[in-house]
Amino acid sequence: MIEVDSGIRRVTFAMPLGLDHVHSYLLPTSRGGWTVVDTGLGLPDAAVNWGRVLDGLEEPVERIVVTHFHPDHVGAAADLVALTGAPVLQGADDYAQCLRTWGERRDQELMPAYLRVHGTPEPEVEGFREEAAAFVQLVRFARDPEPLEPGDRVDGWEVFQLPGHADGHRALMRDGILVAGDTLLGSITPNIGLYPASRPDPLGDYLGSLERIIGLAPRLALPGHGDPIDDPVGRARELIGHHEGRLQQTAAALDGRPQTAYEVSLALFPDELSTVLRRFALAETRAHLEYLVHRDGARRVDEEERVSYLSAE
């Protein structure tokens, strides 16, 4: 646990994923306690690791804020509630996505059907089933959280909705410090993917979020992964430039031959990838393709068992 700025402490947890770590932040409160932002992945030792963190605090945890429903941010929320008794605050739309993705009534055929219709080979679809069953065990989210909505204030921190990486992604800002979740990352680009039952234009959402950050002009951003970002506005502009370049590559990959998003992803991400990373590549490719479709830069062809894309001309 280290102090990053203005009494804010950062806790880093290891993860056995493509990213090897995730950060949680402890924000000092006006009552002398702490607001915890994000909880890490619900690994078997999550409660033990959080117990060590809590043992190092002289003051209590007053509340837990979830920026978004991804496993490495919400996965240990129930463990932390059990240890602290603190309430969880999460966006209502994000919690609904959490239930759809991780809840007992989730549609287990939704993602396999999505993968098939966008061209994923069947062995990779079946591999997803095995991985999904294992992943669900690592997500212990808190039930019925208190709503966290744009414009709310949490002990002086203003709440913003910055969609793109996740539809209901929330961020907190106070005194020029943006607790950014995965909206801004310094050394890598956040995954902007289009998934089932999500907003139709996540890349358009994300570019809008980056413009919002530029307008807010924070002096420091605290990301979910990697080092603090000393020039958030400059980083936001870099990410806009990255996606402008990727959109050009996406348009160039299209021709008169109908291609699935999976096929286009092989052109945009030609390196050999694990099945998990290839799914991320597929979802990000779809986000760029649909951005073009919404702006007449590409055409989508919807068939019963296949969705494909062509150039606009």
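No value in this document is a laboratory result; all are computed from the given coordinates. This is a predicted model, so every value here is computed, not measured. Note that we place each Cβ from the backbone using ideal geometry, even for glycine, and neighbour counts take in every protein chain shown.
A few points about this structure:
- From least to most packed, judged by other beta carbons within 10 angstrom and beginning with the fewest, M1, M15 follow the order M1, M15.
- Dipole magnitude of the chain about its Cα centre (Cβ charges: Lys, Arg +1; Asp, Glu -1), debye to nearest 20: 260
- Two-site FRET efficiency, L54 against D144, from Cβ-Cβ distance with R₀ of 25 Å, rounded to 0.05: 0.60
- Length added when fully stretched, E313-L19, from 0.36 nm per residue minus Cα-Cα: 101.9 nm
- Quotient of the Cα radius of gyration of segment 1-157 and 2.2 N^0.38 Å, N being its number of residues: 1.13.
- Relative contact order, whole percent, for the chain stands at 13, derived from Cα pairs under 8 Å and 6 or more residues apart.
- Förster radius 45 Å - calculated FRET efficiency between R219 and D271 (Cβ-Cβ, nearest 0.05): 0.80
- By the beta-carbon count within 10 Å of each Cβ, the least crowded to most crowded order of F141, F160, fewest first, is F160, F141.
- Answer label, with Cα extents along the principal axes in Å calculated from the coordinates and candidates [x] 64, 40, 31; [y] 98, 40, 37; [z] 48, 46, 43: [x]
- Spin-label proximity, R100 to segment 148-179 - amide N less than 19 Å from point 7 Å beyond Cα toward beta carbon: 148-150, 161-170
- Exposure proxy ranking for R295, R140, based on other Cβ atoms within 10 angstrom of each Cβ and starting from the fewest, stands as R295, R140.
- With the cut-off at under 16 Å, measuring from each backbone N in segment 268-298 to a point 7 Å along the Cα-to-Cβ line of D255 picks out 268.
- Cα-Cα pairs of segment 183-313 separated by more than 24 Å (percent): 32
- Peptides 275-286, 170-181, 28-39, 50-61 ordered by packing proxy, namely the average of other Cβ atoms within 10 Å per residue, highest first: 170-181, 275-286, 28-39, 50-61.
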